[in-house]
1. Tell me, what is the FRET efficiency for residue 61 and residue 120 to the nearest 0.05, using R0 = 30 angstrom and their Cβ-Cβ distance as r?
2. With each label point set 7 Å from Cα along the Cα-Cβ vector, what nm distance links residue 11 and residue 110?
3. 7 Å from Cα along Cα→Cβ at both residue 43 and residue 81: what's the point-to-point distance in nm?
Amino acid sequence: EGGTMIRRNRLLVLLVSWLLLPVGGCSWLLVKGPPEGPDNLESVECTESLTAPVLDGMLGALGVIAGVYVAISSEMDAHPLLVGATIAVPSAGLAGWSAYTGFRRVEDCREVKRALQLETGGRTAPHE
């Protein structure tokens, strides 16, 4: 009975990890960096919030934890390290890359907005 419970838990962890994998790319999809172009832009629209990159980092960490859990479960059948790696590597890779991209875009956005604010003396362009 204990072995069956562990197998069910492992299957549940595996299923949830794979279902959450596409969510780990939200920074790549949702975080908008500053536009490329001339430095004399009057206003810049880009993402300043770190919410998406932080969520990506957390999902990546959860994927690694889930992979380690599956790999060290005592009642594993064939190839526990391989099964754990199939969870941990894609989760860490996709979510980590997306988090890095998001953090970089947010930092670029904040830097451009700081420069714009210094250039305009704190004035913002009127919205049309």
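Only the coordinates and a few stated rules stand behind these numbers; no lab work does. Computed from a prediction, not measured in an experiment: that's the story for all the values here. Here the Cβ is made from the backbone with ideal geometry for all residues, glycine too, and neighbour counts use every protein chain on show.
1. The formula returns an efficiency of 0.15 here.
2. Going from the residue 11 label point to the residue 110 one covers 4.6 nm.
3. A separation of 5.7 nm, rounded to one decimal place.
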